[in-house]
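*Asks:* First the structure, then my questions, so here it is.
All of the numbers you see were taken from the coordinates with simple rules; none came from a lab. What you are looking at is a predicted structure, and each value in this text was computed from that prediction instead of being measured. FYI the Cβ positions are ideal-geometry reconstructions off the backbone, even for glycines, and counts take in every protein chain you see.
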Amino acid sequence: MLAMIVLVSGRGSNLMSIQAAIEKGALDGRINAVISNKREAAALAFAKEKGLPAVWMNPKEEDGRMGYENRLFSEIEKIGSDCLVLAGYSFLLNWDVFRHYGKPILNIHPALLPAFPGMTAQRDALAYGVKYSGCTVHFVDGGMDSGPIIAQKPVPVMDLDDEERLSARILAEEHKLYPEVLTWLARGRIRRDGRIVRVLPDDAEEGGGRG
Ligand code: GAR
């Protein structure tokens, strides 16, 4: 069973899709804690509703940004998990601290990386005029949305799209892709070789097909 700690900052819809996959038995995992840098995050309220440990870590304490990163890291180590799952977490993890975690750290991003990293991916995709955007699940490294790509799902950009409409269609794909990637991780199917990530066939599936 894959033990996860989920880092959030806001709405928490990806967290909900992961929890839903666990509840319906599609993902053999459990969420050991949901940690937010924002006290008012809807994701924290959802975690409490589900009886999951919900932790608010205040980045604005007097120990400064590095102090926050160290407190966050200690909390994560104390709780324990097999992986860290970033789901709409609005901070870049400080790599001087988190390189010592030693287990997979995953993130989901609402664009086809390496295009449009950062916090305004859907707006940037529309402004650039691409005909396809989508979402990416990737390993986290020290950079902004720059780690090795595990999986991507393209989403067509429609002529009448605005940011809200495109974001909603991408989000619907995020909710399928993230739990699916976590099932690959739970089953030990993900192999990483530098930047290249491969997904091994599923032995449990007849024919061993991907996905
Ligand atoms: C999601 O669209 C996620 O891909 C994005 O924030 C949203 C969080 O929604 N993440 C990034 O932009 C990371 N650069 P949620 O709180 O409802 O899961």
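*Asks:* Just name the residue that is nearest to the ligand (Cβ to nearest atom) out of those in region 70-88 that are in a loop (DSSP other than H, G, I, E, B) and surrounded by 16 or more Cβ atoms within 10 Å (Cβ to Cβ).
*Replies:* First, pick out the residues of region 70-88 that are in a loop (DSSP other than H, G, I, E, B): 80-82, 87-88.
With surrounded by 16 or more Cβ atoms within 10 Å (Cβ to Cβ) added as a condition, the list becomes 81-82, 87-88.
Numbers: SER81: 18, ASP82: 21, ALA87: 5, GLY88: 3 Å.
In this case the residue turns out to be GLY88.
*Asks:* For region 36-73, name all the residues that are over 20 Å from the mean Cα position of the chain (by Cα) and within 18 Å of ALA3 (Cα to Cα).
*Replies:* Across region 36-73, the qualifying residue is only GLY51.
*Asks:* For GLY29, state whether it is away from the ligand (no atom under 16 Å from the Cβ), more than 14 Å from the chain's Cα centre (by Cα), in contact (Cβ under 8 Å) with a residue 24 or more places away in the chain and at positive phi. Write out each step before concluding.
*Replies:* Details: away from the ligand (no atom under 16 Å from the Cβ): yes; more than 14 Å from the chain's Cα centre (by Cα): yes; in contact (Cβ under 8 Å) with a residue 24 or more places away in the chain: yes; at positive phi: no.
So GLY29 does not fit the description; no.
Okay, residues lined up against (1) touching a Pro at 6+ places or on another chain (Cβ under 8 Å); (2) within 16 Å of the ligand (Cβ to nearest atom); (3) part of a loop (DSSP other than H, G, I, E, B); (4) in contact (Cβ under 8 Å) with a residue 24 or more places away in the chain:
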position: ALA125; (1), (2), (3), (4): no, yes, no, yes
position: CYS135; (1), (2), (3), (4): yes, yes, no, yes
position: GLY142; (1), (2), (3), (4): no, yes, yes, yes
position: ALA151; (1), (2), (3), (4): no, yes, no, yes
position: ALA168; (1), (2), (3), (4): no, yes, no, no
position: GLY188; (1), (2), (3), (4): no, no, yes, no
position: ARG192; (1), (2), (3), (4): yes, no, no, yes
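*Asks:* A follow-up question, please. Residue under question is ARG39, and the condition is that it be surrounded by 15 or more Cβ atoms within 10 Å (Cβ to Cβ), out of contact with any helix residue (DSSP H, G or I) (no Cβ under 9 Å at 6 or more places or on another chain) and not hydroxyl-bearing (Ser, Thr, Tyr); does it hold?
*Replies:* Numbers: surrounded by 15 or more Cβ atoms within 10 Å (Cβ to Cβ): no; out of contact with any helix residue (DSSP H, G or I) (no Cβ under 9 Å at 6 or more places or on another chain): yes; not hydroxyl-bearing (Ser, Thr, Tyr): yes.
No; evaluated as a whole, the condition is false for this residue.
*Asks:* Can you list residue pairs whose Cβ atoms sit under 6 Å apart, with the first residue in region 91-114 being touching a residue at least 60 places away in the same chain (Cβ under 8 Å) and part of a loop (DSSP other than H, G, I, E, B) and the second being within 9 Å of the ligand (Cβ to nearest atom) and of a type in the set (S, T, N, Q)? Count only pairs 6 or more apart in sequence or on different chains.
*Replies:* PRO110/GLN122
*Asks:* Of all residues in region 23-35, how many are surrounded by fewer than 20 Cβ atoms within 10 Å (Cβ to Cβ) and either under 14 Å from GLY51 (Cα atoms) or touching a helix residue (DSSP H, G or I) at 6+ places or on another chain (Cβ under 6 Å) (or both)?
*Replies:* So in region 23-35, the residues surrounded by fewer than 20 Cβ atoms within 10 Å (Cβ to Cβ) come out as 23-26, 28, 30, 32.
Among the residues that remain, those that are also either under 14 Å from GLY51 (Cα atoms) or touching a helix residue (DSSP H, G or I) at 6+ places or on another chain (Cβ under 6 Å) (or both) are: 23, 28, 30, 32.
Residues in region 23-35 being surrounded by fewer than 20 Cβ atoms within 10 Å (Cβ to Cβ) and either under 14 Å from GLY51 (Cα atoms) or touching a helix residue (DSSP H, G or I) at 6+ places or on another chain (Cβ under 6 Å) (or both): 4 in total.
*Asks:* Can GLU163 be described as surrounded by 14 or more Cβ atoms within 10 Å (Cβ to Cβ), within 16 Å of the ligand (Cβ to nearest atom) and closer than 29 Å to ILE22 by Cβ?
*Replies:* Numbers: surrounded by 14 or more Cβ atoms within 10 Å (Cβ to Cβ): yes; within 16 Å of the ligand (Cβ to nearest atom): yes; closer than 29 Å to ILE22 by Cβ: no.
When the stated conditions are applied, GLU163 does not pass them.
*Asks:* Right, something else. Please enumerate the residues belonging to region 6-20 that are more than 11 Å from the ligand (Cβ to nearest atom) and either surrounded by 21 or more Cβ atoms within 10 Å (Cβ to Cβ) or over 20 Å from TRP184 (Cβ atoms) (or both). Spell out the reasoning first.
*Replies:* Here is the first cut: in region 6-20, the ones more than 11 Å from the ligand (Cβ to nearest atom) are 19-20.
Scanning region 6-20 gives a single hit, GLN19.
*Asks:* Every residue in region 44-69 that is out of contact with any strand residue (DSSP E or B) (no Cβ under 9 Å at 6 or more places or on another chain), within 22 Å of LEU15 (Cα to Cα) and part of a loop (DSSP other than H, G, I, E, B), please.
*Replies:* Initially, region 44-69 is screened for residues out of contact with any strand residue (DSSP E or B) (no Cβ under 9 Å at 6 or more places or on another chain), giving 49, 51, 58-69.
Of the ones still in play, those that are also within 22 Å of LEU15 (Cα to Cα) are 49, 51, 58-59, 69.
Those that are out of contact with any strand residue (DSSP E or B) (no Cβ under 9 Å at 6 or more places or on another chain), within 22 Å of LEU15 (Cα to Cα) and part of a loop (DSSP other than H, G, I, E, B): GLY51, ASN58, PRO59.
*Asks:* What number of residues within region 120-166 are within 19 Å of ALA87 (Cβ to Cβ), over 14 Å from the mean Cα position of the chain (by Cα) and of a type in the set (A, V, I, L, M, F, W, C)?
*Replies:* Looking only at that region, the number is 2.
*Asks:* Please verify whether ALA41 is in contact (Cβ under 8 Å) with a residue 12 or more places away in the chain, aliphatic (A, V, I, L, M) and over 25 Å from LEU92 (Cβ atoms), treating the condition exactly as stated. Don't jump to the end; show me each part of the working.
*Replies:* Working: in contact (Cβ under 8 Å) with a residue 12 or more places away in the chain: yes; aliphatic (A, V, I, L, M): yes; over 25 Å from LEU92 (Cβ atoms): no.
Judged against the criteria, ALA41 is not a match.
*Asks:* Output the number of the condition that GLY129 fails; it satisfies all remaining conditions of (1) on the phi > 0 side of the Ramachandran plot; (2) buried (at least 16 other Cβ atoms within 10 Å of the Cβ).
*Replies:* Answer for GLY129: the failing condition is (2).
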